[in-house]
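Student: Before I ask anything, let me first share the structure, which is written out below as structure tokens.
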Amino acid sequence: MHRRAPGPLAGLAAGAALGAALFGLAVLLLGHRGDGGPLRPPPGFSPGAADPRTPVRVLATLDGPGLHAMILPLREDGGDPAAEEAILDRDLFPGGGSHRWARLVASNPEGGPAVRLSLAPGAVVLETEAGPAGNVDLAAAFAARAKDLPPHRALDLRVHRAPDREVEVPPGSFVRVLLAFPAAADPREAAAASLGEGVRLLPREAPLDRVRSALLEGSVSTLPDAKRAEARPQGREEGPGTPR
């Protein structure tokens, strides 16, 4: 039987700490429990926003024809992703240092041709204060570690397209992709991003529930025309009086 994906408030039943684990992230990071009990967050987990109206900063294409895409941090709720990123680094880059992880949603409108999207190293670029930073070779890391991963983890990484250096997005469809970047390239602070030639993503803000809907349904094009978000300097903390 098809199990319906949880909505923005579904984490309340299992505790607010699992709010960031919606839409497959819980299984990807935390695994399965055979006793039917709730999944437990990893050590060091910090709860993020619970209010579905909370504004979320993402990198997204503007309205227009062609591919619609959104890049967001591993934790879409604004919580610190360090605990979750450490799990992925441990599994795929043991002894290889830390990375910044992100999720990409790419949606192809109906009526046009299929779109091939490269995930090769350096194909997805974040524009950071230190300069351009391309995605690392996740496919090679998966190939090197696949035989040592638990079966459920290997399966879920395949679902998140970790072994692929290219994906095809048919018309009227979308894909969700896991990405890794060098540790200094934080997608939460990037000023822009690009997916090959001609697909540029800029900072935008949208309510948390709408971002989660885009993750679930690929509805990137329906994100509200929220104001453009400026890149935030490293270490800046916002308060009620902080100018935007």
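Student: FRET efficiency for ALA120 and THR222, Cβ-Cβ distance as r, R0 = 41 Å, nearest 0.05?
Tutor: The pair ALA120/THR222 has a calculated efficiency of 0.90.
Student: What's the ranking of 106-113, 208-215 by average number of surrounding C-beta atoms within 10 Å, highest first?
Tutor: 208-215, 106-113
Student: Still on this structure, please answer the following. For a protection proxy built on the mean count of beta-carbon atoms within 10 angstrom, sort 118-125, 195-202 highest first, please.
Tutor: Going by the mean number of other Cβ atoms within 10 Å, highest first, we get 118-125, 195-202.
Read the figures in this text as sums done on the coordinates, not as results from a lab. Please read all numbers here as calculations on a predicted model, not as lab measurements. Cβ coordinates were reconstructed from backbone atoms using ideal geometry, including for glycine residues, and neighbour counts include every protein chain displayed.
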